[in-house]
1. Once you have the alpha carbon radius of gyration of region 319-410, what is it after dividing by 2.2 N^0.38 Å, with N set to its residue count?
2. Taking only the Cα atoms of region 154-294, how large is their convex hull per residue, in Å³?
3. L329 label point, 7 Å along Cα→Cβ, cut-off 15 Å on backbone N: hits in region 346-361?
4. So for W382, W590, W427, fewest C-beta neighbours within 10 Å to most, what's the order?
5. If you rank C496, C647 by fewest surrounding Cβ atoms within 10 Å, what's the result?
6. Specify the inter-centroid distance of region 123-146 and region 302-339, based on alpha-carbon positions, in whole Å.
7. Using the Cα gyration tensor of region 53-146, with a ≥ b ≥ c the square roots of its eigenvalues, what is the shape: rounded (a/c below 1.5), prolate (a/b larger than b/c) or oblate (neither)?
8. Between D235 and T370, take the C-beta separation as r, use R0 = 56 Å, and let me know the FRET efficiency to the nearest 0.05.
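Where a number appears in this text, it was derived from the coordinates with a stated rule and is not lab data. Computed from a predicted model, the values in this text were never measured in an experiment. With ideal geometry, Cβ positions are generated from the backbone for all residues, glycine too; neighbour counts draw on all protein chains shown.
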Amino acid sequence: MESKSLVLSLMLAFLLVGAGFSLVAMDSTTNDEQDETVIPGEGSNGAVNTPPSVLADAVLSMDWTGMNATVSGFVTDEAPQNTSLSVRVLDNEFAELNAYNITPAANGAWTIETSLHNPGDWIVELIAVDDAQQSSETLLIELFIVAPLEEQVSLTFRWDEPVENDTEGTISGLLLHQFPRSCTIEYHPLGQSPALLVSGAVNNSTGAYSIVFDTESHNTEGDLVSECGLFTESDLTVRVVLPMPPEPVGDEDGDAVLDDADECPNTPHGEPVYSTGCSDSETDDDEDGIMNNMDACPDTPLNETVDSNGCSQTQLDDDEDGVNNAVDLCPATPTSEVADATGCSPSQLDTDGDSVNDALDQCPNTPAGTAVGADGCPLPDWSHEDSFLCLDGQGAWAKDLNGDGNSYTANTRGDGQEGGGGGSGPWFQCEVSVSFTSTSMQINSNAIPNHNWLSAYAANADEQSESFTIALEPVNDTNGGHSSTNCPAANGAYECAPDRGPVGVAVNGVPIFGPEEGPGGDAVALEFLYFNEDRQPVDLGYCGAHNGPSGVHYHYDAMCQFWDDPNGETIVNYDYTDLDPTQHSPIIGWAFDGYPIYGMYTWDDNGQVTAKKSSYEVERTSEGGDQGYNGIDDWNYVNGLGDLDQCNGRFGSTPEYPEGTYYYVSTPISASTKTVVDTDSQTVPMIGFPYFLLCYHGEADMSNADAGGPPGGGPPGGFGAQVLYTNAPDMTVQPSDVGDVFWDFSWLWITLLGAGFMFRTRD
């Protein structure tokens with residue numbers, strides 16, 4: 001029995017010496033290189049109010065219509081409806097004729113009716129001023145009002161000789177001109193004084209005229225003199241010999257044109273005739289097969305096919321857009337829209353041929369054959385497989401940093417011992433393969449990250465054989481009726497995510513775990529140094545990851561998969577505040593319900609990259625209250641506080657889902673204005689719920705929960721707390737001196753002494 005006591009005493013001494021050596025080694029690291037985690041503030045990506053600009057054609061040419069000229073265009077600004085548009089109409093000497101002030105519509109469109117209605121060259125000056133009193137550049141528009149091309153005047157006439165016992169006769173007919181109101185007609189008796197000329201009465205609308213004169217005082221042989229034209233004068237003189245009773249022999253149809261000169265000897269009675277003796281019903285001036293009296297387009301070009309009204313396609317404009325049918329590529333332009341030279345308005349044009357009209361096309365120069373969305377912009381050419389790293393065994397070499405100046409034993413079971421860069425090794429290489437069915441993707445991985453890592457105490461990483469099934473088209477969970485024990489904010493509307501064990505998979509094949517680890521430990525407690533947790537704290541390594549019995553897994557930050565410092569720093573320098581706040585996060589993982597997981601920087605509803613804020617806050621504050629901390633039990637969801645819902649997600653557009661999708665966000669930022677007191681008694685801003693998700697928005701395939709190993713991958717209970725900072729390369733052991741460490745490991749001494757006592761008792 002004494003020999004047994006001697007052996008036991010030697011074992012105890014050996015263990016004490018060894019433990020003391022380990023404790024001294026663990027205490028060799030200091031806190032000198034610790035950096036404080038910086039939480040980005042609001043407004044880091046705020047929008048800039050830019051001056052407005054005025055858009056309109058630099059040169060406008062329009063045919064004279066007799067109506068005031070109308071000018072339109074657009075004002076571009078953050079809020080066009082809040083701008084004021086100053087318009088001045090100037091002559092070609094830059095003298096002001098008129099001035100106006102108008103307010104554009106919400107979409108920036110504006111239209112102004114000027115006072116200009118006569119042909120000429122004019123200038124329209126445009127200046128826009130926004131509500132910040134910022135002015136646009138002055139826009140000058142050259143406005144040309146083109147005078148109409150006026151036709152040569154022609155006329156018809158008939159002679160109504162004096163009736164019996166009367167001496168007054170009447171010449172009547174039509175003045176043929178597009179502007180009858182501009183026409184005059186006179187009868188000049190041949191060989192008589194100008195004082196005897198007779199002015200006729202002209203109907204301004206129809207061009208019908210009549211001239212009454214006394215045949216006793218006026219010669220019945222003379223000239224009909226007509227003048228027409230608003231802007232271009234034309235005149236016509238027709239010599240007439242007016243028969244007097246009795247009717248002269250040789251005018252069978254009685255049209256006042258003698259038969260020997262009458263080209264239409266059978267003119268219907270009473271119809272006015274031309275000098276040829278033909279009426280409009282007998283004349284086809286444009287030779288289109290439609291007589292003048294039925295021809296709505298009397299000047300049809302030769303050899304053009306006409307309709308029953310005598311109009312060809314070059315003369316018709318069915319949609320009244322100012323472009324004739326023959327060259328109108330868009331024959332049904334809405335009346336409220338302005339067409340271009342081809343007869344097409346922006347709502348009808350598709351310049352780049354992507355099936356999205358120019359009025360809606362935000363990407364007007366899309367290459368031919370490119371698939372686009374409703375906005376005309378190319379759809380992302382990606383598949384779910386594109387989001388994954390380490391495909392086909394091409395992942396980066398990574399190292400288990402245990403054994404590099406610390407008390408932990410490095411894993412020696414990795415592959416590629418000599419291929420990863422030399423040194424003490426071992427080196428590992430991540431591997432991921434993805435296959436698809438019609439409804440899901442199958443992910444297989446060795447659960448090795450694409451970056452270096454540090455193992456938790458007494459737990460070395462090993463290559464795994466993981467398999468995850470993720471739905472390609474997630475289905476929203478609308479059944480309700482779920483337990484809300486682990487996610488009370490969901491109120492039973494959604495399925496709670498596991499608080500211990502895997503909740504998703506990172507795109508490098510590493511499982512993503514919930515916030516709870518080990519026997520009641522919370523993974524964030526020591527990482528942020530915010531709380532004196534009254535349960536076992538959990539040690540985290542770089543990137544919020546550590547090892548458990550089933551390999552490496554993440555807890556709240558997987559963005560380090562994509563961290564590549566241009567200065568050549570290593571993963572030990574990684575900190576989420578080093579991420580580019582102007583770049584949208586890539587997909588960092590997939591939840592078991594099929595929805596993607598992004599980092600903290602994503603688009604807001606206006607397409608601007610912003611840091612998303614959690615709607616959770618912790619009960620403990622600097623003003624007092626609950627000073628204990630029990631992990632997720634102390635997180636309270638405040639509806640509308642931040643950007644994210646109770647499951648830590650939101651709906652929005654992303655580069656991979658331009659039409660929008662639901663997605664989860666991992667963010668350490670809270671929208672709460674409260675502060676908390678950390679373990680160093682410092683008042684610091686509230687942190688957000690820093691995990692990937694608390695509940696599933698969609699119907700989750702919970703069979704995946706077995707793929708990442710059993711729930712609780714942390715170290716076994718009873719080991720001392722190790723704090724690993726994501727923003728510092730060194731490890732720190734607390735408490736800081738050997739004496740405190742000794743007492744922190746008092747359980748070990750008690751256990752050994754108890755064992756010795758038991759052996760002594762048995763002896």
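1. Working: Rg = 27.2 Å, N = 92, 2.2 N^0.38 = 12.3 Å.
With N residues counted in region 319-410, Rg over 2.2 N^0.38 Å equals 2.21.
2. Output value, Cα hull per residue: 119 Å³.
3. The answer is 346-359.
4. Lowest count first: W382, W427, W590.
5. Values: C496 22, C647 28.
Fewest to most other Cβ atoms nearby, the residues stand as C496, C647.
6. Here the answer is 33 Å between Cα centres.
7. Values: a/c = 2.29, a/b = 1.85, b/c = 1.24.
It is prolate, given that a/c is not under 1.5 and a/b is the larger ratio.
8. 0.35
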